[in-house]
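Enquirer: Before we start, here is the structure in question, set down as structure tokens.
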Amino acid sequence: MDRAELLGHLTREGGLLADAALEAGPDTRVAACPGWRIRDVLRHIGQVHRWATAFVAEGHTSPRAPGGAPDLDGDALVEWFREGHALLVTALATAPDDLECWTFLPAPTPLAFWTRRQAHETAVHRVDAESPLAPTVPTPLDPGFAADGIDELLRCFHVRARSRVRSEAARVLRVRATDTDDVWTVRISREPVRTTRTRAAEGDTVPADCELSGPAGTLQLTLWNRLPLDAVALTGDRAVARLWRETSAVVMS
């Protein structure tokens with residue numbers, strides 16, 4: 001997806017997140033993140049935004065731990081989040097194309113990486129913030145943006161050695177977006193996941209043990225464990241989908 005488009009999504013998703021946090025209130029529980037309340041979502045994503053901004057704005061070429069969250073709550077915490085989000089958007093919008101800094105997923109350039117990663121990070125946590133308000137119908141994700149998020153998850157995060165998605169017996173999970181014509185074939189084995197992305201018109205050349213299909217936005221949230229498996233159409237061996245559910249939690253960096 002074009003970097004300018006991703007920056008637009010990052011801007012929109014951050015605004016929606018802040019609005020939802022204000023409406024829900026800081027003490028409201030977030031079902032998709034056990035043990036978290038709205039204040040925890042704000043503190044986490046606010047720290048992540050400032051952490052990412054430091055790499056982009058200061059050009060750090062090695063890993064750095066995120067800074068701490070301030071002792072704020074309520075409206076003041078939401079304002080702190082808004083400030084950090086605005087700093088991130090500005091840093092990404094004004095950084096040079098040839099920016100050199102540390103990254104942790106494959107991408108054409110560091111700037112492309114940070115724009116994409118922060119757009120999707122913010123979108124998923126925006127859904128967390130909205131979940132107490134509308135548990136089954138969050139603000140819809142743009143289909144093309146969601147498809148890009150699925151691609152990042154399947155072809156960037158889970159190709160890493162640290163991914164826990166493993167199976168002694170080889171399994172194939174198919175993920176089919178019904179509103180973008182994208183299909184992902186996820187090969188699960190004792191080694192890191194291997195995923196290919198094709199168009200539905202090209203046909204399925206590899207038999208799948210299990211298939212998940214539905215709108216890209218619903219699929220993305222299901223694969224990130226923000227929606228139940230029943231939110232999408234599931235055919236084949238449900239145990240393969242449960243394997244994903246139980247082992248796919250992402251460890252950052």
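The values are calculated or read from the model by the stated rules, or taken from the named source; none is laboratory data. Keep in mind the model is a prediction, meaning the values are calculated, not measured. Note that we place each Cβ from the backbone using ideal geometry, even for glycine, and neighbour counts take in every protein chain shown. Areas reflect the complete protein model, heavy atoms only, side chains present, ligands, DNA and RNA absent. Shrake-Rupley method; radii C 1.70, N 1.55, O 1.52, S 1.80 Å.
Enquirer: Could you check how many residues of the stretch 42-57 are open to solvent by 60 Å² or more (accessible area, probe 1.4 Å) and either out of contact with any helix residue (DSSP H, G or I) (no Cβ under 9 Å at 6 or more places or on another chain) or within 18 Å of Glu152 (Cβ to Cβ) (or both)?
Expert: 0
Enquirer: Also, quick follow-up: All but one of (1) assigned to a helix (DSSP H, G or I); (2) buried (at least 18 other Cβ atoms within 10 Å of the Cβ); (3) more than 19 Å from the chain's Cα centre (by Cα) hold for Pro26; state the number of the condition that does not hold.
Expert: With respect to (1) assigned to a helix (DSSP H, G or I); (2) buried (at least 18 other Cβ atoms within 10 Å of the Cβ); (3) more than 19 Å from the chain's Cα centre (by Cα), Pro26 is out only on (1).
Enquirer: I've got another one for you. Out of the stretch 99-120, which residues are part of a helix (DSSP H, G or I) and open to solvent by 30 Å² or more (accessible area, probe 1.4 Å)?
Expert: The one that is part of a helix (DSSP H, G or I) and open to solvent by 30 Å² or more (accessible area, probe 1.4 Å): Arg116.
Enquirer: Could you check the stretch 191-208 and list, in sequence order, the residues that are in a helix (DSSP H, G or I) and within 13 Å of Val175 (Cα to Cα)? Give the steps one after another, and end with the answer.
Expert: Step one: of the stretch 191-208, the residues in a helix (DSSP H, G or I) are 200-202.
Residue satisfying the conditions is Ala200 alone.
Enquirer: Within the bounds of the stretch 83-95, is there any residue that is over 16 Å from Gly8 (Cβ atoms), part of a loop (DSSP other than H, G, I, E, B) and open to solvent by 40 Å² or more (accessible area, probe 1.4 Å)?
Expert: No, every residue in the stretch 83-95 fails to be over 16 Å from Gly8 (Cβ atoms), part of a loop (DSSP other than H, G, I, E, B) and open to solvent by 40 Å² or more (accessible area, probe 1.4 Å).
Enquirer: Something else about it: When the residues of the stretch 130-168 are narrowed to those that are within 14 Å of the chain's Cα centre (by Cα) and aliphatic (A, V, I, L, M), which ends up farthest from Pro34 (Cα to Cα)?
Expert: Per the criteria, the residue is Ala147.
Enquirer: Could you list, in sequence order, all residues of the stretch 136-178 that are more than 28 Å from Glu202 (Cα to Cα) and surrounded by fewer than 19 Cβ atoms within 10 Å (Cβ to Cβ)?
Expert: Filtering the stretch 136-178 for residues more than 28 Å from Glu202 (Cα to Cα) gives 136-139, 161-164, 168.
Listed by number, the residues that qualify are Thr136, Val137, Thr139, Ala161, Arg162, Ser163, Arg164, Glu168.
Enquirer: Answer yes if at least one residue in the stretch 214-224 is open to solvent by less than 20 Å² (accessible area, probe 1.4 Å), in contact with a Pro (Cβ under 6 Å, 6 or more places away or on another chain), touching a residue at least 12 places away in the same chain (Cβ under 8 Å) and not in a loop (DSSP other than H, G, I, E, B), and no otherwise.
Expert: Just the residues of the stretch 214-224 that are open to solvent by less than 20 Å² (accessible area, probe 1.4 Å), to begin with: 214, 216-217, 219-223.
Right, trim to in contact with a Pro (Cβ under 6 Å, 6 or more places away or on another chain) and you get 216-217.
Narrowing the set further to residues that are touching a residue at least 12 places away in the same chain (Cβ under 8 Å) leaves 216-217.
From the residues that got through so far, the ones that are not in a loop (DSSP other than H, G, I, E, B) too are 216-217.
Yes; the residues of the stretch 214-224 include at least one that is open to solvent by less than 20 Å² (accessible area, probe 1.4 Å), in contact with a Pro (Cβ under 6 Å, 6 or more places away or on another chain), touching a residue at least 12 places away in the same chain (Cβ under 8 Å) and not in a loop (DSSP other than H, G, I, E, B).
Enquirer: Also: Would you mind stating whether Arg245 is surrounded by 13 or more Cβ atoms within 10 Å (Cβ to Cβ), in contact (Cβ under 8 Å) with a residue 24 or more places away in the chain and under 18 Å from the mean Cα position of the chain (by Cα)? So that I can check it myself, show each step before the final result.
Expert: Numbers: surrounded by 13 or more Cβ atoms within 10 Å (Cβ to Cβ): yes; in contact (Cβ under 8 Å) with a residue 24 or more places away in the chain: no; under 18 Å from the mean Cα position of the chain (by Cα): yes.
No.
So that you can scan it fast, the table gives a plain yes or no per residue for (1) touching a residue at least 60 places away in the same chain (Cβ under 8 Å); (2) out of contact with any Lys or Arg (no Cβ under 7 Å at 6 or more places or on another chain):
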| residue | (1), (2) |
| --- | --- |
| Pro143 | yes, yes |
| Leu153 | yes, yes |
| Val165 | yes, yes |
| Leu173 | yes, yes |
| Asp179 | no, yes |
| Thr195 | no, no |
| Thr198 | no, yes |
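Enquirer: Next question. Among the residues that make up the stretch 121-135, is at least one of them without any contact (Cβ under 8 Å) to a residue 40 or more places away in the chain, surrounded by fewer than 18 Cβ atoms within 10 Å (Cβ to Cβ) and not in a helix (DSSP H, G or I)? Explain how you work it out, then say what you get.
Expert: Within the stretch 121-135, the subset without any contact (Cβ under 8 Å) to a residue 40 or more places away in the chain is 134.
Still in the running and surrounded by fewer than 18 Cβ atoms within 10 Å (Cβ to Cβ): 134.
Remaining after also requiring not in a helix (DSSP H, G or I): 134.
The answer is yes; a qualifying residue exists.
Enquirer: Now for a different question. Among residues belonging to the stretch 1-23 that are among the acidic types (Asp, Glu) and within 28 Å of Leu105 (Cα to Cα), point out the one that is surrounded by the most Cβ atoms within 10 Å (Cβ to Cβ). Give the derivation first.
Expert: Our first condition is that a residue be among the acidic types (Asp, Glu); within the stretch 1-23, this holds for 2, 5, 13, 19, 23.
If we keep only those that are within 28 Å of Leu105 (Cα to Cα) too, we end up with 2, 5, 13.
Working: Asp2: 11, Glu5: 15, Glu13: 26.
So, considering only residues that are among the acidic types (Asp, Glu) and within 28 Å of Leu105 (Cα to Cα), the one surrounded by the most Cβ atoms within 10 Å (Cβ to Cβ) is Glu13.
Enquirer: What are the residues in the stretch 29-41 that are touching a residue at least 24 places away in the same chain (Cβ under 8 Å), out of contact with any Lys or Arg (no Cβ under 8 Å at 6 or more places or on another chain) and open to solvent by 20 Å² or more (accessible area, probe 1.4 Å), if any?
Expert: Ala31, Arg39
Enquirer: Give me the residue from the stretch 42-74 that is modelled with pLDDT under 95 and in contact with a Lys or Arg (Cβ under 8 Å, 6 or more places away or on another chain) and, out of that set, nearest to Asp19 (Cα to Cα).
Expert: Ala69
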